[in-house]
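The values are calculated or read from the model by the stated rules, or taken from the named source; none is laboratory data. Computed from a predicted model, the values in this text were never measured in an experiment. Every residue, glycine as well, gets a Cβ built from its backbone with ideal geometry; the counts of neighbours run over all protein chains shown. Note: areas computed on protein heavy atoms with side chains; ligands, DNA, RNA excluded. Shrake-Rupley method; radii C 1.70, N 1.55, O 1.52, S 1.80 Å.
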Amino acid sequence: MGVATRVSAGTAEGYPRVALADAGGAPLRPSVLVPHEAYCFFYPYVSTPCLLLDMGAPIMPAEPAPGDSRPGGVGPGGSIVAYTAICSHEWSHPGPEFSPIHYLAPGQRDVLVGDRDRLIVCCAHSSAFDPAAGGRVAQSPSRLPLASVVLEWNAASDALFATAVRGPDSFERFFTAFDRERTLVAGPARVVPLSAYSRKVATC
């Protein structure tokens, strides 16, 4: 297994390079992703949820905060991005019963974010993030962008991989705030619709 590198605030941590798989364990193909549907998987730890999105259009690299360079989209159309689904405000995150985190597809609206769409929104305290701009903050109270999961697409095999995390390090605070397993993901990370992982997904 390869080891990826995470760089944040002058430090680096090794994370595994992990293949993304569908619910049945087969390699996840970009063609099965529905544009603007939120998908959930766990990386780099077995307890840290992430969101996978096909934004339906190419996503360019971004710098959501000074000195914080983020990758663009991957896949045949350069449209697939991923972020940690842990809000950088107070670490709210999806769980099996309920997810305060959701994605507003084109045409969907939430009053708390001024009727804007195409945002990742945390209904716990109304923070919002722009997945087309490196996860930058689109609405406070959060002051930090979401951390990006760096993706790799192998065109020859049409396979997707999670290879690193870039951005503010919220994992240690997450583990301090919540009693969660700190084991690194060791095998394929299964990707399912967020609505299939969380029984109820908030709207706000």
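Assorted remarks:
- To the nearest 10, the accessible area of Asp179 is 150 Å² with a 1.4 Å probe.
- Cα Rg, Dmax (largest Cα-Cα span) when computed across the chain, Å: 15.4, 45
- Per residue solvent-accessible surface (Å²) - the chain, probe of 1.4 Å: 44 Å²
- Of the GluC sites (Glu not before Pro) found in segment 122-204, those that fall in a DSSP loop while having at most 13 other beta-carbon atoms within 10 Å are Glu181.
- Calculated FRET efficiency, Thr203 to Asp158, Cβ-Cβ distance, R0 = 41 Å: about 0.75 to the nearest 0.05.
- Max mean-square fluctuation residue, GNM over the chain, Cα-Cα springs under 10 Å, options Ser69, Ser92, Ser31: Ser31
- If you take the Cα centroid of segment 164-204 and the Cα centroid of segment 61-122, the two points sit 13 Å apart.
- Net charge of the neighbourhood of Ser69, taken over other residues with C-beta under 10 Å away and scored Lys/Arg +1, Asp/Glu -1, is 0.
- Computed over neighbours whose Cβ is under 12 Å from that of Phe41, the net charge equals 0, Lys and Arg +1, Asp and Glu -1.
- Built amide H within the under 5 Å cut-off of Gly56, gap 5+: His36
- Once the chain from Val34 to Ala196 is taken as fully extended at 0.36 nm per residue, the excess over their C-alpha distance is 56.9 nm.
- Carbon/sulfur fraction of accessible area - segment 1-147, other protein chains in place, 1.4 Å, %: 56 percent
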